[in-house]
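One structure is given here, and the rest of the page talks about it.
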Amino acid sequence: MFCSKCGKQIPDGSTCSCEQAAAAAPKAAPAMGSLFLKFNVGKIVSMSITTLVFFFTLITSWYKADSGLIDLKFGPYGGPSFMGYSTPLSDVSGLMVLVKVFMIINIFVFLAYLASNIINLGALVPALKGIALGRLTHLAYYGIQIFCLIFGLIGALTADECAMAGGWWVGLIFTIIGVVVLLMPGLVSGISGKAVAAIKAANASASAQENNQQ
């Protein structure tokens, strides 16, 4: 019989030396570049907006309570505090507690979103290859964010002497922008392409004017 790979004649039922050599050869380690995903303008814009949504949610106040003297702003991670005394969220609204739990979960979803958009997890875990983890975690993040915004609003409206603060509206605006960018990625690419083309045209025009003056 003959080897199907190199054509060398070999005894029947035996394995060719070329196959043995290939099996014994050490497999090359994956290149470091394959462990990291490529970036484009749309991806950078989308990740930037999502990061802004995340940090604005962390540092801004969603609710305000009327203490009789001043409006106490708080949330979504803790209740109002005044003169060293802090009121638990559970004493204000049970829905606010639910929102807090999901906001904490969303922190880990956000970290998973960043990791899956920077690192090629399929190269590290073959079982994940072919799964759009970046998009799935992106959808999950905004799904939880919208859930928290809605139930945070309901919690504030149903609680005694409580209303929405400016941070909730900022979070709502950025979330809407983020969802639009997520569902319409071509919109960002089109706008960024036109902006780049306009900048190049302006630079070309400025260079032409300089050449004419010389």
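The values are calculated or read from the model by the stated rules, or taken from the named source; none is laboratory data. The model shown is predicted, which means the values in this text are computed figures rather than measured ones. Methodologically, a virtual Cβ is constructed for each residue, glycine included, from the backbone with ideal geometry; neighbour enumeration extends over all protein chains shown.
Out of Leu172, Leu149, Leu89, Leu95, which single residue is in contact with a Gly (Cβ under 6 Å, 6 or more places away or on another chain), buried (at least 16 other Cβ atoms within 10 Å of the Cβ) and modelled with pLDDT of 85 or more? None of the other options fit; the residue is Leu95.
Quick grid of which residues meet (1) among the hydrophobic types (A, V, I, L, M, F, W, C); (2) in a helix (DSSP H, G or I); (3) surrounded by 13 or more Cβ atoms within 10 Å (Cβ to Cβ); (4) touching a residue at least 60 places away in the same chain (Cβ under 8 Å):
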residue: Thr57; (1), (2), (3), (4): no, yes, yes, yes
residue: Ser61; (1), (2), (3), (4): no, no, yes, yes
residue: Lys73; (1), (2), (3), (4): no, no, yes, yes
residue: Gly78; (1), (2), (3), (4): no, no, yes, no
residue: Val99; (1), (2), (3), (4): yes, yes, yes, no
residue: Phe110; (1), (2), (3), (4): yes, yes, yes, yes
residue: Ala123; (1), (2), (3), (4): yes, yes, yes, yes
residue: Arg135; (1), (2), (3), (4): no, yes, yes, no
residue: Gln145; (1), (2), (3), (4): no, yes, yes, yes
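For Ala21, the test of being at pLDDT below 75, surrounded by fewer than 10 Cβ atoms within 10 Å (Cβ to Cβ) and either outside any loop (DSSP other than H, G, I, E, B) or of a type in the set (Val, Ile, Thr) (or both) is passed.
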